[in-house]
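What follows is a set of notes on a single structure, which appears directly below.
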Amino acid sequence: MNLDKTAVKAFKTADEHGFWPWAGPFQDPQDLLALSQKLLLIQSEVTEAMNELRSLPEDGDAVVHSEFVSELADIVIRTLDVVGFMSLEHYGLSFEEIIKDKMATNEKRPAKHGKRF
């Protein structure tokens, strides 16, 4: 899966379904308001995942067969939607490469990134 192409597709789908009525290239300060609203939608998916997790029975295997995993997918989809909106390729950036670089950085960090938790 190419994350950059998937991000463009996620944005296109969200736009076609009315989630970006003011959509345009990431260049106007007004877009910061749009981005903040989209971050809240990502947060709402995190809340939904947490609610699914809290509702699971004591059976440990239930997690992988639950709506919890579906909510995790929604978090990724909403995140890719925002990335697609930002048109990173217009700036010569690749979200997939940014993730790879960030993962390489995280591999070098201390446990818990030097924090208590």
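Where a number appears in this text, it was derived from the coordinates with a stated rule and is not lab data. All values reported here derive from a predicted model rather than from experimental measurement. Don't worry about glycine lacking a Cβ; one is built from the backbone with ideal geometry, like all the others, and counts go over all protein chains shown.
Which of the peptides 81-90, 36-45 is most tightly packed, and how do the rest follow, judged by the mean count of other Cβ atoms within 10 Å per residue? Could you put the intermediate results ahead of the total?
Numbers: 81-90: 19.3, 36-45: 13.9.
Peptide ranking by packing, descending: 81-90, 36-45.
Pairs of Lys residues in the range 1-110, spaced 8 or more positions apart or belonging to different chains, with C-alpha separations under 28 angstrom: 12 in total.
Rounded, prolate or oblate: which fits the chain when a ≥ b ≥ c are the square roots of the eigenvalues of the alpha-carbon gyration tensor, with rounded for a/c under 1.5 and prolate only if a/b beats b/c? Oblate. Just to be sure I understand the model, the point goes 7 Å from the Cα along the line to the Cβ. What's the resulting I99 to K115 distance in nm? Distance between label points: 2.2 nm. Taking the C-alpha atoms only, the angle from helix 95-107 to the longest principal axis of the chain is near 40 degrees. With contacts taken as Cα pairs under 8 Å and at least 6 residues apart, the chain reaches a relative contact order of 43 percent.
Once you order the gyration tensor axes a ≥ b ≥ c over the Cα atoms, which shape class does the range 56-117 get: rounded for a/c under 1.5, otherwise prolate or oblate by comparing a/b with b/c?
Details: a/c = 3.31, a/b = 1.32, b/c = 2.50.
Note, shape of the range 56-117 comes out oblate.
Only counting other Cβ atoms within 10 Å, I'd like K100, K9 sorted with the fewest neighbours first. Please list the in-between numbers first.
On the way: K100 12, K9 15.
Ranking K100, K9 by Cβ neighbours within 10 Å, fewest first, gives K100, K9.
Net length available on complete extension from V64 to L41 is 5.9 nm, with 0.36 nm assigned per residue and the Cα-Cα distance removed. Between V69, G18, N2, the Cα set farthest toward the positive side of the dipole of the chain (charges on each charged residue's Cβ, about the Cα centre) is that of N2.
Suppose every Lys and Arg Cβ carries +1 and every Asp and Glu Cβ carries -1, with no other charges. What dipole size does the chain come out with about its Cα centre, to the nearest 20 debye?
Details: 13 positive and 20 negative charges, 134 e Å.
In debye, rounded to 20, the chain gives about 640.
Over the chain, DSSP H runs of length four or greater, each weighted -39,500 (n - 2.57), average out per residue to a 222 nm ellipticity of -21000 deg cm²/dmol. A simple spin-label model places the labels of E89 and N2 0.7 nm from each other, with each point 7 Å out along Cα-to-Cβ.
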